[in-house]
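First up is the structure itself, then whatever we jot down about it.
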Amino acid sequence: MMEVPENFDHSEGRTFLAELQPLLQSDRPRIVLDCSQVQHMDSAGIEMLLNCMGEAMKRDGDIKLANLSPVSAAILELMRVDRLFEVFNTVEEATRSFQAVTLPDVPQSLPWYSPGFGPDDLKSAS
Amino acid sequence: MGLGAIVVIGVEDEASCSTASQEASALLSQPLACFDVLGRSVAGRVIERFVRADVDVVSLLVLDGSCIVKPRFVGFKNVDVQIVSDVYAAICEKLKDYSRDGIEHAFVASANAYQETDLLDLFYFHRESRQAATRSVDCQGPLNLWVVDCSKADCSKARPSDCQNLLAQAQTSSASYFIREYVKRLMHPRDLRQFASDVLRGCCSVRPPGQEIKRGIWIDEGAEVHRRARIVAPAYIGRASNIMEDTLITRFSNIEKDCCVDYGTVVENSSILQNTHIGICLDVCHAVASGNMLLSLGRNVVVEISDPSILRANGAAWKSAPAKDRKRANNGTLFSRRKLKQQAVSELQPVAGSAPEPCGLEPNPIQG
């Protein structure tokens, strides 16, 4: 999880991007950006967000936005970027959404059919 | 028997002296009553109603520094405009002048509310009730519209505080005039949006100016609408505005005069106030935009857009803007028109190597 700076413009965005870069370089980066502090965001900031999402998706990862401040929500909606990101009310919800995607490991020893009603049950029934 | 009217611009209602007015001042540089809504400001409409009611003289008192007195206020017949620093002192002076000129009754109104009551009926009600001042009320409470009896108020000797007391006492007096007709108070920029929506819905007697090119679509003089732009009724496009290709104007939206809505932008349930340029490929939804400020009504937040390619003031303000900003707006940063066109052209061109290979006419394995 990373917090987006209050003034998310070209100069602040570069610093932010430098901090985010190691996460983006990892395998399947799953990043949640907390936008609660954002009070100003310009098109350079939006472009940076889109680039980050592009980088994350190239590595089979994703970036999700959480806790949008009213200003950031209004700007993202104005620039039609809100529909490109998954947006959550809280950071916890966003984090949980990443966990929900991963499927639980199924033991290979289990048969493909329902274990509660196998061939033995059929025999005993007849 | 003469009848006068004093219209005041720049004085806030008691109810609006709150965070709402702070938001309004953050968004707008002048009082809400001075902004055009469907081609004419509410102040202009209030004055027009007095002129139509055959009031002998209308005095417009503008609080100093609150707004620029526009030529159209001066353009009315029998309307004199005065810039004042103390409103109550100015009202008192005006009432004295009226009294001296033989005008016995005067309307005193704030331009912050538009009402469609019968003004002569209000006057007759006041005369029959035999009180110094009569205040009008509606279902939401008292309105800043009074009728003052100059002779009973003894205006020739009155002081500003007496005048203020007189207007205040009218609220507590037993006989107030109840307005059943349409009333719109302007306390917040969202009221401008609501007023525009009400007019387009036909909730009041105001009709948008210009030509109704299709049912519910009004295009004012000099406005240009691209043939690929889509306007869904009801909507209003103001004087000399420019609606570019692939835009969508829908759900009771009004674009005021000298605005530009650029390529691919959607304006939905929004008011674009005068001299505003909306950039390309944007979604302006449930909002009021003025210059580079955007009030999102859904989120109740005012956003200042520093990027001139997205949102900016048009006209004289833009011409005096720094050359750097103008260059930036022309080039754009994220969605420039050039980028979009290049993208569109590249999508149309066939990509080398991606064309499907021609099917070989080999013998059918089934038929041999």
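The values are calculated or read from the model by the stated rules, or taken from the named source; none is laboratory data. These numbers were taken from a predicted model, which means no experiment stands behind them. Please note: Cβ atoms are built from the backbone with ideal geometry, for glycine as well, and neighbour counts cover all protein chains shown.
For this structure, a couple of remarks:
- Taken across the range A:15-30, residues that are within 23 Å of B:VAL266 (Cβ to Cβ) and either of a type in the set (Val, Ile, Thr) or out of contact with any Gly (no Cβ under 7 Å at 6 or more places or on another chain) (or both) do not occur at all.
- Of all residues in the range B:270-286, those satisfying the criterion of being surrounded by 24 or more Cβ atoms within 10 Å (Cβ to Cβ), closer than 11 Å to A:LEU78 by Cβ and in contact (Cβ under 8 Å) with a residue 40 or more places away in the chain are B:SER270, B:GLY279.
- Selection status of A:VAL71, crowded, with 18+ Cβ neighbours inside 10 Å, within 14 Å of chain B (Cβ to nearest Cβ) and assigned to a helix (DSSP H, G or I): yes
- Residue among A:LEU33, A:LEU84, A:LEU50, A:LEU23 that alone is closer than 16 Å to A:GLU6 by Cβ and not basic (Lys, Arg): A:LEU33
- Any hit, the range B:174-196, residues being farther than 18 Å from B:ALA33 by Cα, touching a helix residue (DSSP H, G or I) at 6+ places or on another chain (Cβ under 6 Å), of a type outside the set (Ser, Thr, Tyr) and at pLDDT below 95: yes
- Residue count, the range B:209-252 (criterion: touching a residue at least 40 places away in the same chain (Cβ under 8 Å) and of a type outside the set (A, V, I, L, M, F, W, C)): 6
- Among (1) surrounded by fewer than 21 Cβ atoms within 10 Å (Cβ to Cβ); (2) within 14 Å of chain B (Cβ to nearest Cβ); (3) among the aliphatic types (A, V, I, L, M) - the single one A:MET41 does not satisfy: (1)
- Filter result (under 17 Å from A:ARG80 (Cα atoms) and assigned to a loop (DSSP other than H, G, I, E, B)) within the range B:248-292: B:ASP262, B:TYR263, B:GLY264, B:THR265, B:ASN269, B:SER270, B:GLY279, B:ILE280, B:CYS281, B:LEU282, B:HIS286
- Residues of the range A:48-68 satisfying the condition of being surrounded by fewer than 17 Cβ atoms within 10 Å (Cβ to Cβ) and either within 14 Å of chain B (Cβ to nearest Cβ) or within 23 Å of B:ARG299 (Cα to Cα) (or both): A:LEU50, A:ASN51, A:GLY54
- The one condition in (1) modelled with pLDDT of 95 or more; (2) in contact with a helix residue (DSSP H, G or I) (Cβ under 6 Å, 6 or more places away or on another chain); (3) among the aromatic types (Phe, Trp, Tyr) that B:TRP218 fails to fulfil: (2)
- Single residue of the range A:74-88 satisfying the filter (of a type in the set (D, E, K, R) and either in contact with a Gly (Cβ under 7 Å, 6 or more places away or on another chain) or within 7 Å of chain B (Cβ to nearest Cβ) (or both)) that is farthest from B:GLY264 (Cα to Cα): A:GLU77
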